[in-house]
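Every number here is computed from the coordinates shown, using simple stated rules; none is lab data. Quantities reported herein were computed from a predicted structural model and do not represent experimental measurements. Because the Cβ atoms are built from the backbone with ideal geometry, glycine has one as well, and the counts that use them run over all protein chains shown.
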Amino acid sequence: MDESLRPPRAVGRGAQFNPPNPFDRCRHEADWSQLPAEDAASDSGRRIPTQYLPDDAQSIVSENDSPDIPFRYSLNPYRGCLHGCSYCYARPYHEYLGMSAGLDFETKIMVKQRAAELFRQWLARPQYLPETITLSGVTDCYQPGERRFELTRACLEVAAECRQPLAVITKNALVTRDLDLLRQMAETNTIQVGLSLTSLDQTLTAVMEPRTSSPAARLRAVEHLRSAEIPVHVMLAPLIPGLNDSEIPALLRAARDAGAQAASFTLLRLPKTVEPIFRDWLSRHFPAQQHRIESRIRTTREGKLNDARFGSRMSGSGVFAEHLQQTFRLFANQLGLARRLPELNCHDFRPPPPPSGQLRLF
């Protein structure tokens, strides 16, 4: 990108611009080349405030039918994510809200204030047959805003009351705040936690995932969860060819040493507008390696930067993708992580009273 057209750095953000929303008829384009030279020279970066916006959602649980995703239902208290991961596959969802997948995604967070109430209503449906629900199948349920809104904790309270099994996915050590509820659910075998690890190098994660927990904090979270006898699965997600794939052995070893019981990996995905955001991020932080990293990614995607086909979109294809899979399997087997966590208990589910207050006959 022409440096005269590049916007001033957005401090603490993964994306540095708002790519056009493909659903918008009109497009606003900032002309940073007109910024006075003295302002550009003394630029200390833009500080873009985070906005929390009310989300008047009428439902809280989404149903998934993708053959690549190992769960049917997911529960997401937030839309958008303050973590600001440059590679996040969920960014394009913000475009359906009339916003951008770039800076908007990580600065305009939609908050489902009625999350727990809606979850309770959903579980009270007469036709519901209990099965595991994934808490955060899209954006992180323990992103920083959770400290303020506590929507995830409220949903955990509903699940604990109803003995509804949940699989939590996060990359934030804030999950340990709720050890009391997680421990209670572990006693009825209705909880497991998946923690994402991308690198042990905090200088890398600080720019790639600017507002999430450090690698050391995530590993401590694994230790605390396992000390409370909560099942923990670690995900190397995503593996980025040419950037963090060489860390597979070290990441798995660190996860095992922290007490993780199982592990998996997902290859980098760059759907739709995630691609220009990630490539811009690479050009800013790893300009010398950008061509090599993009070339490696293409070798796993049949010459493209993304492959949306079921069956290969999560793991890639080709010789290099197979090499990554073999490396992962080798070390996961050696370290005892090549397994799945035990199935959660769906038999002791206790439905909440329906909103009408009418008790069930059976």
Do any residues in the stretch 284-297 that are among the acidic types (Asp, Glu) have Cβ atoms under 9 Å from those of residues that are crowded, with 16+ Cβ neighbours inside 10 Å, where the two are at least six apart or on different chains, and which pairs are they?
-> Glu294/Gly242; Glu294/Arg279; Glu294/Leu282; Glu294/Leu305
Would you check if there is a residue in the stretch 323-333 being among the small types (Gly, Ala, Ser) and farther than 26 Å from Ser86 by Cα?
-> yes
Could you say whether any residue in the stretch 321-331 is touching a residue at least 12 places away in the same chain (Cβ under 8 Å) and either among the charged types (D, E, K, R) or not in a helix (DSSP H, G or I) (or both)?
-> no
Residues within the stretch 150-201 that are within 16 Å of Leu344 (Cα to Cα) and among the β-branched types (Val, Ile, Thr), tallied = 6
Among the residues of the stretch 232-251 satisfying the criterion of being among the small types (Gly, Ala, Ser) and touching a Leu at 6+ places or on another chain (Cβ under 9 Å), which is nearest to Ala90 (Cα to Cα)?
-> Ala237
Filtered residue count, the stretch 242-284, keeping only those that are among the charged types (D, E, K, R) and either on the phi > 0 side of the Ramachandran plot or touching a Cys at 6+ places or on another chain (Cβ under 8 Å) (or both) = 1
Which residues, taken from the stretch 274-318, are more than 18 Å from Leu204 (Cα to Cα) and touching a Ser or Thr at 6+ places or on another chain (Cβ under 8 Å)?
-> Thr300, Arg301, Glu302, Asp307, Phe310, Met314, Ser315, Gly316, Ser317, Gly318
Whichever residue in the stretch 288-306 is in a loop (DSSP other than H, G, I, E, B) and not hydroxyl-bearing (Ser, Thr, Tyr) and, among such residues, is farthest from Arg269 (Cα to Cα) | Ala288
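Let's see how each residue does on (1) within 21 Å of Ile69 (Cβ to Cβ); (2) hydroxyl-bearing (Ser, Thr, Tyr); (3) within 19 Å of the chain's Cα centre (by Cα):
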residue: Ile277; (1), (2), (3): no, no, yes
residue: Leu282; (1), (2), (3): no, no, no
residue: Phe286; (1), (2), (3): no, no, no
residue: Thr300; (1), (2), (3): yes, yes, no
residue: Ser312; (1), (2), (3): yes, yes, no
residue: Gln325; (1), (2), (3): yes, no, no
Subset of the stretch 49-63 (residues that are under 16 Å from Glu146 (Cβ atoms) and under 19 Å from the mean Cα position of the chain (by Cα)) | Thr50, Tyr52, Ile60
Looking only at the stretch 77-111, which residues are surrounded by 24 or more Cβ atoms within 10 Å (Cβ to Cβ) and over 30 Å from Phe286 (Cα atoms)?
-> Pro77, Tyr78
The listed residue being of a type in the set (Gly, Ala, Ser), crowded, with 17+ Cβ neighbours inside 10 Å, in a loop (DSSP other than H, G, I, E, B) and in contact (Cβ under 8 Å) with a residue 24 or more places away in the chain, out of Gly316, Gly311 | Gly316
Subset tally (residues that are more than 26 Å from Pro210 (Cβ to Cβ) and either surrounded by fewer than 13 Cβ atoms within 10 Å (Cβ to Cβ) or of a type outside the set (Lys, Arg) (or both)) for the stretch 296-308 | 6
Scanning the stretch 120-149 residue by residue, those surrounded by fewer than 18 Cβ atoms within 10 Å (Cβ to Cβ) and under 20 Å from Gly194 (Cβ atoms) turn out to be Glu131, Pro144
At least 2 residues that are under 22 Å from Pro70 (Cβ atoms) and in contact (Cβ under 8 Å) with a residue 24 or more places away in the chain in each: list the helices (runs of 4 or more DSSP H) lying fully within the stretch 81-166 that qualify.
-> 115-123, 151-162
Looking at the stretch 285-311, which of its residues are among the small types (Gly, Ala, Ser) and under 18 Å from Cys88 (Cα atoms)?
-> Ala308
Here the residues within the stretch 150-188 that are surrounded by fewer than 22 Cβ atoms within 10 Å (Cβ to Cβ) and of a type in the set (Lys, Arg) are Arg153, Arg163, Arg177, Arg183
